[in-house]
1. Check B:188, B:277 and return the single one that is in contact (Cβ under 8 Å) with a residue 12 or more places away in the chain, surrounded by fewer than 18 Cβ atoms within 10 Å (Cβ to Cβ) and either more than 23 Å from residue B:376 (Cβ to Cβ) or more than 14 Å from chain A (Cβ to nearest Cβ) (or both).
2. Residues that are touching a strand residue (DSSP E or B) at 6+ places or on another chain (Cβ under 6 Å): find the helices (runs of 4 or more DSSP H) completely inside the stretch A:199-304 holding 1 or more of those.
3. Within the stretch A:45-64, is even one residue in contact with a strand residue (DSSP E or B) (Cβ under 9 Å, 6 or more places away or on another chain), touching a residue at least 12 places away in the same chain (Cβ under 8 Å) and either buried (at least 24 other Cβ atoms within 10 Å of the Cβ) or assigned to a helix (DSSP H, G or I) (or both)?
4. Could you tell me whether any residue of the stretch A:236-253 is at pLDDT 90 or above, within 14 Å of chain B (Cβ to nearest Cβ) and more than 25 Å from residue A:116 (Cα to Cα)?
5. Among the residues in the stretch A:221-229, are any over 25 Å from residue A:155 (Cβ atoms), away from chain B (no Cβ under 14 Å) and modelled with pLDDT of 90 or more?
6. Go through the stretch B:322-344 and give me each residue that's surrounded by fewer than 16 Cβ atoms within 10 Å (Cβ to Cβ) and either touching a strand residue (DSSP E or B) at 6+ places or on another chain (Cβ under 7 Å) or on the phi > 0 side of the Ramachandran plot (or both).
7. Looking only at residues that are part of a helix (DSSP H, G or I) and under 17 Å from the mean Cα position of the chain (by Cα) in the stretch B:57-82, which one is surrounded by the most Cβ atoms within 10 Å (Cβ to Cβ)?
């Protein structure tokens with residue numbers, strides 16, 4: 001997408017997000033906070049799927065673990081929210097490193113199955129552990145006072161804190177993708193043996209990517225836990241792992257922020273078609289089938305593609321070079 | 001636009017805004033009742049569509065308006081997930097203009113919503129769930145536990161079974177707030193009557209294969225297998241117990257059965273089971289009349305929670321009318337002041353901790369020979385007077401109870 005266009009879109013979006021708490025009847029702030037959490041979750045997930053080429057089917061474990069860790073820190077240990085959220089993020093990142101170290105020994109579908117198995121282990125730990133309240137979830141988590149000055153009890157304050165955290169998280173995703181480190185990840189995605197032959201410690205890069213993706217997913221989970229004052233099994237259930245893949249694919253895994261669009265779409269479908277009950281799942285399924293059949297690149301991927309295809313000598317020349325480069329690889 | 005007209009427009013808008021609360025005592029000019037129920041899951045039969053219809057019937061019978069303002073009914077599915085229920089309740093209270101949430105089947109959801117209601121200072125009436133927390137640690141002036149609770153079940157079915165000689169118990173418990181709370185309450189009753197609890201097996205919500213749990217129950221050699229689950233879980237557990245031959249040497253005590261459960265079990269399997277219900281459609285003329293009307297709309301007989309959905313909605317609307325406002329604090333006071341006399345109960349009162357106290361009844365499932373037709377399933381065994389059916393106020397840990 002042309003830089004000017006995407007930049008002005010970004011500014012517009014940010015302005016709308018800042019204005020949300022002033023018009024709660026048009027856009028419900030708590031819902032927007034939830035959508036933002038999922039947007040970060042999906043973009044973090046895409047670090048692995050889109051940019052490293054690793055299909056993880058266990059990301060709910062990171063999302064949910066962070067939620068429970070934050071909940072435990074806030075409710076049982078009485079820690080302030082900033083510490084609780086940090087603990088959640090670190091916990092998830094650590095878990096991500098462990099998952100990564102085990103899972104990257106295999107590739108493709110086997111790797112996905114290993115992450116799924118590990119995530120199910122985590123799920124059953126939270127189902128059985130005393131402090132999680134099993135099916136009831138961990139309820140009555142206090143939101144606390146941020147840095148000892150800002151009370152998060154009011155949705156108004158909390159909204160801007162969440163907005164800042166999510167913006168920070170997304171910025172970090174953007175930085176990671178556009179850094180030399182991100183280049184190496186893409187090199188691994190495109191041709192792993194070649195990256196290895198060039199001297200990159202591929203395994204280490206993969207584990208770090210896992211850990212970063214998990215940590216950022218954890219940030220999303222921790223924030224959701226603070227918003228709803230609840231950590232529940234939904235957050236660690238494999239449905240959540242599936243949902244995030246859906247969001248990412250719908251939005252477009254070739255872009256940095258595409259998955260966020262997917263997250264908005266899926267959350268909005270769930271929210272506004274609530275009255276349909278169980279039929280929402282079917283509607284989401286149909287949207288997904290439509291998306292896969294008609295624009296496989298995802299929403300943002302397709303938009304990018306269409307903008308790129310406009311006749312322009314320099315662009316087509318660039319594409320030619322790119323194609324040749326691919327052929328050489 | 002000329003400056004003066006703009007000014008006058010602003011002035012009239014300001015006037016309209018300031019005049020508004022004085023002329024109407026109803027927030028946003030509508031009394032909105034939300035039914036938060038399980039519409040699609042394991043408890044959809046005993047809450048679900050029937051609960052929504054019961055509330056709608058109450059609103060229609062009330063006349064559709066209160067203090068000249070429209071009464072509106074909305075509903076949502078909590079999917080038996082506390083996080084989804086709490087999020088919906090929060091949204092309803094924040095931007096949906098919902099004044100009261102009814103039904104709340106599923107104890108985990110009810111607990112989560114009670115927390116939100118307390119924070120937002122809006123009313124909830126719990127009919128579908130049994131968890132004692134609603135009138136204890138989670139109590140507030142805005143929460144009422146109306147139809148029944150775990151204490152009343154324990155002092156109905158539990159006590160009756162112990163008194164019949166069932167001294168050793170093994171529980172098959174559904175693993176969330178409802179099952180665990182019920183197991184606790186019944187265990188208390190068993191121990192108080194010199195009985196013994198030898199063990200418990202916990203299963204997840206919506207379990208379909210009970211074989212390993214039934215085997216554990218058989219191995220325990222307890223005289224009584226207490227089934228601390230309800231709906232499809234209880235039905236599956238009872239069927240599995242019969243299939244595994246557990247009923248030959250051991251007796252089943254289903255601690256919360258609904259009329260729908262008896263319906264799906266069939267009288268052949270369910271006959272002889274004891275159950276504690278606050279209400280049964282075939283108890284008297286009034287209850288039969290309500291039952292038939294409900295039957296016409298929903299296609300099945302109402303259960304105690306659905307009857308209570310109707311009764312409690314009526315009680316709330318009467319309180320709004322009597323208070324002359326839907327201000328939550330004033331309505332709360334009225335609800336605790338007015339007695340409840342209708343087809344659901346006689347001389348029911350709401351205590352300061354939010355417990356609606358009324359007589360409960362112990363029923364037994366009829367044999368196929370005794371049953372005269374469809375939905376003719378229960379015969380009365382005993383009345384549990386209000387004073388014994390519910391936790392004494394002195395034992396409540398609710399902060400509103402002055403000790």
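1. B:188
2. Because the criterion is at least 1 residues that are touching a strand residue (DSSP E or B) at 6+ places or on another chain (Cβ under 6 Å), the helices (runs of 4 or more DSSP H) in the stretch A:199-304 that meet it are A:202-228.
3. Yes: one or more hits.
4. Checking the stretch A:236-253: not a single residue is at pLDDT 90 or above, within 14 Å of chain B (Cβ to nearest Cβ) and more than 25 Å from residue A:116 (Cα to Cα).
5. Taking every residue of the stretch A:221-229 in turn, none turns out to be over 25 Å from residue A:155 (Cβ atoms), away from chain B (no Cβ under 14 Å) and modelled with pLDDT of 90 or more.
6. Once the filter is applied, which keeps residues that are surrounded by fewer than 16 Cβ atoms within 10 Å (Cβ to Cβ) and either touching a strand residue (DSSP E or B) at 6+ places or on another chain (Cβ under 7 Å) or on the phi > 0 side of the Ramachandran plot (or both), the stretch B:322-344 yields B:324, B:339.
7. Per the criteria, the residue is B:82.
Results for (1) assigned to a loop (DSSP other than H, G, I, E, B); (2) in contact (Cβ under 8 Å) with a residue 60 or more places away in the chain; (3) surrounded by 21 or more Cβ atoms within 10 Å (Cβ to Cβ), shown as yes or no for each residue.
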| position | (1), (2), (3) |
| --- | --- |
| B:364 | no, yes, no |
| B:367 | yes, yes, no |
| B:371 | yes, yes, no |
| B:374 | yes, no, no |
| B:382 | no, yes, no |
| B:399 | yes, yes, no |
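The values are calculated or read from the model by the stated rules, or taken from the named source; none is laboratory data. What you see is a predicted model; the values in this text were computed from it and never measured. Glycine gets a Cβ as well: all are built from the backbone with ideal geometry, and neighbour counts include every protein chain shown.
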